[in-house]
Amino acid sequence: MRACSLNREKLGKAWQIRAFLMVALIFAGSCGKKTPPRPVGLEKPPQVVDIRVELVDGQVRLTWPIPPIVHEKKRPGDLIFVVQRERTDLERVQCGDCPPEAVETLVRIDPASQGPWQVAHGMVEWTDTSAQAEEVYRYWIAIVDKKERTLSLSAPTRVHLSAPPRPVKKVETCADQRGVLVRWDAPMTADKMPDPKTSFLIERRQKGLEWETLNPEFLQGNSYLDTSVQPQEHYQYRVRPVLRVLDAEVSGPWTESALIRAPERMPPPPPTTVWAVPLREKIEVHWTESAQPVAGYHVYRRDGKTIVRLTGEPLNKPPFIDAKVEPNKVYAYAVSSVSPDAPHKEGLLSKWVEVRHVRFNDFRR
């Protein structure tokens, strides 16, 4: 019995040693990796998307973002953009299933090198100067590697080189307490409303500086309020009409305004909301505090046709207690904000809010 137990102990120890060696060999063969290797070739290839097409002065300008993987290439020429073009017609360009015909390569662009293109802020800009007026084209942008293999092809972009919109006749500016108001004569519909097909791009330049875009998105209507001007500085504005034709933005000529001087430092806007709460023998006036710095607030009361300011010095915060009120009388209140900078100008009044001072008699004995 003792010999059998000794044999079982030896066999158990031998099995433990074998198991330990097997586990060690498995880990040694996996080089410390606990997960299986990632399959090769399953990554999605880079592709050009969000192509912007502009027709400016009869030329086609293409702008597109550089895919992140292109930034990670090791050497110039590893990945390049190839712009392709097909000449077609207005009927066929509407057919999404029609295969391209007679496609020509216009340019090969390496974003890491110099050429007739611009690369800035992760964007590529290239202009097709060979496009002809009234022609219809489709453009593609392919990404090709150094072995001339096409990794991807963008969706087609459709362009009709139609006539640009006419310029606006005049651009007028007017300075007020809010900033500079820019107005222009927008084209009208038969109902004498601004034509929704025409949008506008507005640019501004401070005297002695370059033009800058004010509205990244195209604006509809016939006016724009510029509240970002610096006090007492001189500015000039210009407006350009834009039409959307197929996938392209067709821009008309600029129309410039005369120089205008911005107003003095503008006082802060009034509170957006004012409310009043009638109490036993008084009325509490509340308002939403301003999101920008202010020196305080003034409270006004309207009693019939008479308007009086109730505050001698600006209040730091709400509420204001109006104790000089009569029972069952209707009052209206408004609040203004005061500029934090000298000379501490007072801004416009908020909307008036009416309240009836209801006083209940005390029937307790």
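The values are calculated or read from the model by the stated rules, or taken from the named source; none is laboratory data. Fair warning: this is a prediction, and the values are worked out from it, not measured in the lab. Don't worry about glycine lacking a Cβ; one is built from the backbone with ideal geometry, like all the others, and counts go over all protein chains shown. Just so you know, the surface numbers come from the protein's heavy atoms only, side chains and all, with ligands and any DNA or RNA stripped out. Shrake-Rupley method; radii C 1.70, N 1.55, O 1.52, S 1.80 Å.
Quick notes on this structure:
- Odd one out for GLU326 among (1) without any contact (Cβ under 8 Å) to a residue 60 or more places away in the chain; (2) touching a His at 6+ places or on another chain (Cβ under 6 Å); (3) open to solvent by 50 Å² or more (accessible area, probe 1.4 Å); (4) farther than 30 Å from ARG265 by Cα: (2)
- Scan of segment 230-248 for residues that are under 30 Å from GLN94 (Cα atoms) and either surrounded by 15 or more Cβ atoms within 10 Å (Cβ to Cβ) or among the aliphatic types (A, V, I, L, M) (or both), ordered by number: ARG240, PRO241, VAL242, LEU243, VAL245, LEU246, ASP247, ALA248
- Against the numbered list (1) exposed (fewer than 12 other Cβ atoms within 10 Å of the Cβ); (2) free of Cβ contacts under 8 Å to residues at least 24 places away in the same chain, THR227 comes up short only at (2).
- Scan of segment 156-177 for residues that are of a type in the set (D, E, K, R) and outside any loop (DSSP other than H, G, I, E, B), ordered by number: ARG158, GLU172, ASP176
- Taken together, the criteria place GLU289 among residues that are over 30 Å from GLU172 (Cα atoms), under 28 Å from the mean Cα position of the chain (by Cα), open to solvent by 20 Å² or more (accessible area, probe 1.4 Å) and of a type in the set (D, E, K, R).
- Picking from residues in segment 113-135 that are more than 15 Å from THR88 (Cα to Cα) and open to solvent by 80 Å² or more (accessible area, probe 1.4 Å), the one that is nearest to the chain's Cα centre (by Cα) is HIS121.
- The set of residues from segment 46-68 being of a type outside the set (A, V, I, L, M), assigned to a loop (DSSP other than H, G, I, E, B) and loosely packed, with under 15 Cβ neighbours inside 10 Å comprises ASP50, ASP57, GLY58.
- The set of residues in segment 249-269 that are modelled with pLDDT of 90 or more, open to solvent by 40 Å² or more (accessible area, probe 1.4 Å) and part of a loop (DSSP other than H, G, I, E, B) comprises PRO253, TRP254, ALA258, LEU259.
- Filter result (open to solvent by less than 70 Å² (accessible area, probe 1.4 Å) and under 19 Å from GLU233 (Cα atoms)) within segment 173-189: THR173, ALA175, ASP176, GLY179, VAL180, LEU181, VAL182
- Within segment 270-310, the set of residues being closer than 11 Å to SER336 by Cβ and either modelled with pLDDT of 95 or more or outside any loop (DSSP other than H, G, I, E, B) (or both) comprises VAL274, TRP287, GLY296, TYR297, HIS298, VAL299, TYR300, ARG309.
- Some residue of segment 232-248 being at pLDDT below 90, farther than 30 Å from THR129 by Cβ and not hydrophobic (A, V, I, L, M, F, W, C): yes
- Residues located in segment 190-211, provided they are surrounded by fewer than 10 Cβ atoms within 10 Å (Cβ to Cβ) and either touching a residue at least 12 places away in the same chain (Cβ under 8 Å) or not hydrophobic (A, V, I, L, M, F, W, C) (or both): ASP191, LYS192, PRO196, GLY208, GLU210
- Search result, residues across segment 342-359 that are open to solvent by less than 70 Å² (accessible area, probe 1.4 Å) and either part of a strand (DSSP E or B) or over 22 Å from THR273 (Cα atoms) (or both): GLU346, VAL353, VAL355, HIS357, VAL358
- In segment 143-184, residue modelled with the lowest pLDDT [restricted to those that are among the hydrophobic types (A, V, I, L, M, F, W, C) and within 19 Å of ARG61 (Cβ to Cβ)]: ALA163
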